[in-house]
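Okay, so here's the structure we're looking at.
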Amino acid sequence: MPVYLLRVALPDRPGALGAVASRIGAVRADVVAVDILGQDRGRAVDELIVELADERHVSLLLDEIAEVDGVAVEEVRVLPSGPVDHRFTAYETAAALLRRQDPAEVLDAVVERCALDLQAAWVAAVDLDERVVLAAVGEPPAAAWLAAYVAGSRWCGGPPTTETEAGPGGRP
């Protein structure tokens, strides 16, 4: 049975998530997990793990969810490994890392476990100084883009106030 991750933005009001779950049930799909990612300014973003009996019904599922007032589906993707039981992932990750000896193998294991544990479509470890991908799973953006994204994310916290924060030559 195919398992999907649905990220939905919805009104942060009583009954909104229940209405979405009801529409999911209307197409004979089953919500097996819900993760509330955040709430802000009257909106919520939730991720739902949904088992759908027939993958041909994905468009019907999305049409049903769209019937709920104020709800937008932000992402839909297949989860090849199904739902993750986070009670055990830390132990499995530790065991995977302990089995590796070489630093490059450890880094490979880190990105593999991150992809599995976070159910991410891609994960990359990047050398920001050299702007090269050291290890990756999936199809990450180019290393230069990733480095620029990290630099921009750091800047969003405010401009560096000291040379130590900014790095050599005043660079973030």
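The values are calculated or read from the model by the stated rules, or taken from the named source; none is laboratory data. Not measured: the values here are computed from a predicted model. Note: ideal-geometry Cβ built from the backbone for every residue, glycine included; neighbour counts use all protein chains shown. These accessible areas exclude ligands, DNA and RNA; they are computed on the full protein's heavy atoms, side chains included. Shrake-Rupley method; radii C 1.70, N 1.55, O 1.52, S 1.80 Å.
A few points about this structure:
- Relative contact order %, the chain, counting alpha carbon pairs below 8 Å whose residues are six or more apart: 18
- Put simply, the amide H of A33, placed in the peptide plane, has neighbours under 5 Å in I49, leaving out anything fewer than 5 places away on its chain.
- All C-alpha pair distances within the chain, sorted into 5 Å bins from zero, spread as 1, 7, 13, 14, 13, 14, 14, 11, 7, 4, 2, 0 percent across the bins.
- Prolate/oblate/rounded label for region 33-111 (Cα gyration tensor, a/c 1.5): prolate
- Estimated from helical segments only, the mean residue ellipticity of the chain at 222 nm is -12000 deg cm²/dmol, where each DSSP H run of four or more residues counts as -39500 (n - 2.57).
- Within the shell defined by Cβ-Cβ distances under 15 Å, the residues around A96 carry a net charge of -3, with Lys and Arg each +1 and Asp and Glu each -1.
- Local charge for L107 was computed over the other residues whose Cβ lies under 13 Å away, with Lys and Arg +1 and Asp and Glu -1, and equals -3.
- Considering all C-alpha pairs of region 1-72, those separated by over 21 Å amount to 18%.
- Taking a ≥ b ≥ c as the square roots of the eigenvalues of the alpha carbon gyration tensor, region 64-157 is oblate, as a/c is not under 1.5 and a/b does not beat b/c.
- Peptide ranges 106-113, 21-28 listed from the most packed, as the mean C-beta count within 10 angstrom indicates: 106-113, 21-28
- Over the chain, accessible surface divided per residue gives 63 Å², non-protein components excluded, 1.4 Å probe.
- Cα gyration tensor, region 101-154 - rounded (a/c under 1.5), prolate or oblate: oblate
- Summed residue charge, Cβ within 14 Å of A143's Cβ, Lys/Arg positive, Asp/Glu negative: -3
- Each of the peptides 135-142, 3-10 was scored by the mean count of other Cβ atoms within 10 Å over its residues; in descending order, highest first, they stand as 3-10, 135-142.
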